[in-house]
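Notes follow the structure.
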Amino acid sequence: MIRSGSSRTTGTDRGLTLIELVVAMGVFALVATMGLQALTGTLRARDRITEAAEGTERLAVATSLLRADLERLVPLLDRPADGGARSAIAWDNGALGLSLAGVPRIGGADVPGFARVRWSVAADGTLMRAQRATLFPAQPGEATGMPLLDEVRRLELRTYWRDLGWVDGTVNGIGVRMPGPVAPTGDGDDAGRAIERFSDTLPAGIEVTVVRTDGTRIPILEAVQ
């Protein structure tokens, strides 16, 4: 006989106690914290990988441009607009000047031309490359530098000469003519101007080393002759 108004609760109908609820919330908070830490670690790893990839890309671009400049090196004197002359390879307080041929002209001209480039390291550790479109006559002023790579301490230069071997920097005056003005020999005759423009000898090899702020050394070696 079942009495009206009476009720019983079985074990399966029992709800959560306060302690069980607190424990469940604690476990959920712990799992959520672990998941958040894992997500944060993944995002940080992604940022580090992206930064490393971008740094590697900038390094590849800088070294590729430097190697391409060394491959285009020609024995042409640089005649700045302010007068005087500089040899095809100029090394001045850690800055490297090079005379190049076969350089694509800005503006899409069909025929590549001559150029003078200058590689240097700015005070903030940025590797810079400046290009001037002509060697003779030079346009007034220098081209604006293009930043290529951060965290660079300095550039180092060695040149190889057949009679001397490897020397630090370059050797001024060896096989290089630095003549004064040459009178023209006739209309349409460029012989005099050619003598005035060309230097005689380049080193047999050139090595430019990019030294990073962390001490990493990246040598770029090119045979010139």
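The values are calculated or read from the model by the stated rules, or taken from the named source; none is laboratory data. Bear in mind that the values here come from a model prediction, so they are computed numbers and not experimental data. Note: accessible area is taken over every heavy atom of the protein model, side chains too, but ligands, DNA and RNA are not part of it. Shrake-Rupley method; radii C 1.70, N 1.55, O 1.52, S 1.80 Å.
Ordered by solvent-accessible area of protein heavy atoms (1.4 Å probe), largest first, the residues Ser99, Ser64 come out as Ser64, Ser99. Each residue of the stretch 16-21 is assigned a 3J(HN,Hα), and the resulting list reads 6, 7, 5, 5, 4, 5 Hz, derived from the Karplus form 6.51 cos²θ - 1.76 cosθ + 1.60 (θ = phi - 60°), x at Gly and Pro. Per-residue accessible area (protein heavy atoms, 1.4 Å probe) orders Asp214, Asp69 as Asp214, Asp69, starting from the largest.
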